[in-house]
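Comments concern the structure below.
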Amino acid sequence: MEEMSGFPKELVSRVLHLHFRDCKTKVSGDALQLMAEFLKIFVVAAVRGVQQAQAEDLDIVDVDQLEKVLPQLLLDF
């Protein structure tokens with residue numbers, strides 16, 4: 001099973017197809033790679049938001065925590 005950015009190709013394809021109106025819609029390999037990268041960035045941002053909220057002794061992640069981790073996230077890429 002080929003993996004892209006830590007996500008299996010089949011998983012990324014399945015997630016995309018869950019939201020298509022036409023079940024015959026096809027996704028190119030490049031589109032799968034791009035979506036896998038978006039998913040990776042989203043997950044990293046979510047994890048860092050949680051870590052920031054924990055550092056601030058908060059129980060939930062709010063926009064404020066995500067705004068605080070965005071500069072660090074941008075430096076990663």
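How about segment 1-14: which of its residues are within 30 Å of LYS68 (Cβ to Cβ) and modelled with pLDDT of 90 or more?
Those that are within 30 Å of LYS68 (Cβ to Cβ) and modelled with pLDDT of 90 or more: LEU11, VAL12.
Could you tell me whether segment 19-38 includes any residue that is in a loop (DSSP other than H, G, I, E, B) and either touching a Cys at 6+ places or on another chain (Cβ under 6 Å) or among the aliphatic types (A, V, I, L, M) (or both)?
Step one: list which residues in segment 19-38 are in a loop (DSSP other than H, G, I, E, B), which gives 19-28.
Applying the additional criterion that residues be either touching a Cys at 6+ places or on another chain (Cβ under 6 Å) or among the aliphatic types (A, V, I, L, M) (or both) yields 27.
Yes, that holds for at least one residue.
Every residue in segment 51-77 that is surrounded by 15 or more Cβ atoms within 10 Å (Cβ to Cβ) and under 30 Å from HIS17 (Cα atoms), please.
VAL61, LEU66
Name the one entry in PHE7, PHE38 that is open to solvent by 50 Å² or more (accessible area, probe 1.4 Å) and aromatic (Phe, Trp, Tyr).
Numbers: PHE7 fails: open to solvent by 50 Å² or more (accessible area, probe 1.4 Å).
On inspection, the qualifying residue turns out to be PHE38.
Among (1) of a type in the set (Asp, Glu); (2) open to solvent by 100 Å² or more (accessible area, probe 1.4 Å); (3) modelled with pLDDT under 90, where does ASP22 come up short?
Here ASP22 clears every test but (2).
The values are calculated or read from the model by the stated rules, or taken from the named source; none is laboratory data. The model shown is predicted, which means the values in this text are computed figures rather than measured ones. All Cβ positions, even for glycine, are placed from backbone atoms using ideal geometry, and neighbour counts span all protein chains on display. Protein only, heavy atoms only, side chains kept; ligands, DNA and RNA dropped before computing areas. Shrake-Rupley method; radii C 1.70, N 1.55, O 1.52, S 1.80 Å.
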